[in-house]
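Worksheet: one structure, shown below.
None of the figures in this text is laboratory data; all of them are computed from the coordinates on show. Predicted model only: the values in this text are computed from it and were never measured. Heads up, the Cβs are rebuilt from the backbone with ideal geometry, glycines too, and the neighbour counts pull from every protein chain shown.
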Amino acid sequence: MLSLSQLNSLYAFVTVIYRNPRISVRELHNSFSHYKNRDSTRKLLKKAYDNNIIMGPKIWCNTGFDVEIYKDLDDPLSFLEQNSKRPEITHINAFIGDISAICFKKGASVLQHAETIIPTFPAKKTIDEIQIEEKGILPSDEYPKGWDEIDWKVYKAMRVPRVPYWRVAKKVEDSLYGEERRETPPWQTVKRRFLRIVRDCKTWISFFPKGYDNYHQAYLLFKTDYEISFRDELRNVDRTSIIYKFDDNLLLHLFLDETLKKLHKCYRKFYKLKKEGIIHDLHVLIPMEWYSSF
C-alpha cells in the first residue's frame, strides 16, 4: 500500500510522461518527486511498475484497424484461444453477455479513435457522478501521412519509447539513405525521425492508484452524440479509463471499485443515461479473458 505522497508523485510522473514519453528518471526526480534521494524515486517507480500502478508508456498511431464483434458464441474462451493465433489480430476480448467477443485486427480503418484517458488524482468525481451535458463528436485518429520506410521502422522499434536511440540505430542503419547515412551519426537520425513521427502518435499510459488487478473491469458499448463529454468527464475520476470508437460506437473500458454498492451505482448511472436518451444501444460486457499482441 502506497502513501498519498507516493501516489501524488506517481501521478505527477504519469502526467509528464504523457507529454514527454522519453523523459528521464533524473528529470522526473528533480522536478516532480517528493523524495530527496534519486534512488528512492527509482525504487518508487519500480514498485509502481511491479504492481501495475503505472502501465506504459508506449506510443500508438492509427495504422489501420478493423473491429469485429461476435454475438452469442457457444464458447467465447475457445474462440479467443483459436483466434489469438491469427497473425492479423492485435487484441481480442472474450465476454460474458450477448456480445461474446470483440477483436481488433490490422486491416480496414474501422477504428476511428482510441486513447487512454489521463485521470485526476485525487479524484474530482466518481464514475457514477459524471455529468454528460454537451454534445460533441471525438476527432478521428488519422493514418500518419508522409512516413517513409525508415520512419515506420523507427516507429515499430520505439513503440516502447525509452529504448536508447543507439540500439534502434543498429536495427535501421542498413536502411539509411546515402547522404543521411554518410553525414549524420545513425543515432541522431533515429532521434530526429522519432521526434518528428511522435507528433503523429499518442502516448499510451495508464494510472491505477490501487493497481490494475484491484479493480472490477467492465466494458460498455453504446452510441451517443455526447462522445467528448464522456471523455472529459472520465478525466475527473482517479484512475485511467480507455475509450475506443468504431462504426460510430463508443466502447468504454472502465475500472470500477469492487464493492457491490459502488458497482451497482455505476451501472445504474449508465442505465439512467439510457433512459434519458443520452446513450442508446447499450451493452454491458464483463470480460473473462483477453489477448494482446502488444
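The table below gives the values:
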| read-out | value |
| --- | --- |
| In region 36-138, trypsin sites (Lys or Arg not before Pro) in a DSSP loop with at most 16 other beta-carbon atoms within 10 Å | Lys36, Lys85, Lys124, Lys125, Lys135 |
| Virtual spin-label span in nm between Phe294 and Arg235, 7 Å along Cα→Cβ | 2.0 nm |
| Cross-link partners of Lys191 among lysines (Cα-Cα below 25 Å; sequence separation of 8 or more within a chain) | Lys58, Lys145, Lys153, Lys156, Lys170, Lys171, Lys202 |
| Mean ellipticity per residue at 222 nm, deg cm²/dmol - from DSSP H runs of n ≥ 4 across the chain, formula -39500 (n - 2.57) | -10500 deg cm²/dmol |
| Pairwise FRET efficiency - Thr184 versus Ile286, Cβ, R0 = 45 Å, nearest 0.05 | 0.30 |
| Spin-label pair Val163/Leu77, simplified geometry with 7 Å Cα→Cβ offset, distance in nm | 3.4 nm |
| Cα gyration tensor, region 4-50 - rounded (a/c under 1.5), prolate or oblate | rounded |
| Lysines whose Cα lies under 19 Å from that of Lys261, excluding same-chain neighbours fewer than 8 positions away | Lys125, Lys210, Lys269, Lys272 |
| Normalised contact order of the chain, rounded percent, pairs of Cα under 8 Å and 6 or more residues apart | 27 percent |
| Prolate/oblate/rounded call for region 53-110, Cα gyration tensor, a/c under 1.5 rounded | prolate |
| Computed label-point distance, nm, for sites Ser31 and Ser175 using a 7 Å Cα→Cβ extension | 3.0 nm |
| Contour minus Cα-Cα distance for Ser24 and Glu149 (0.36 nm per residue) | 42.2 nm |
| Nearest-0.05 FRET efficiency for Lys261 and Asp39, computed from C-beta distance (R0 35 Å) | 0.25 |
| Three-way shape call for the chain based on the alpha-carbon gyration tensor, with the a/c threshold at 1.5 | oblate |
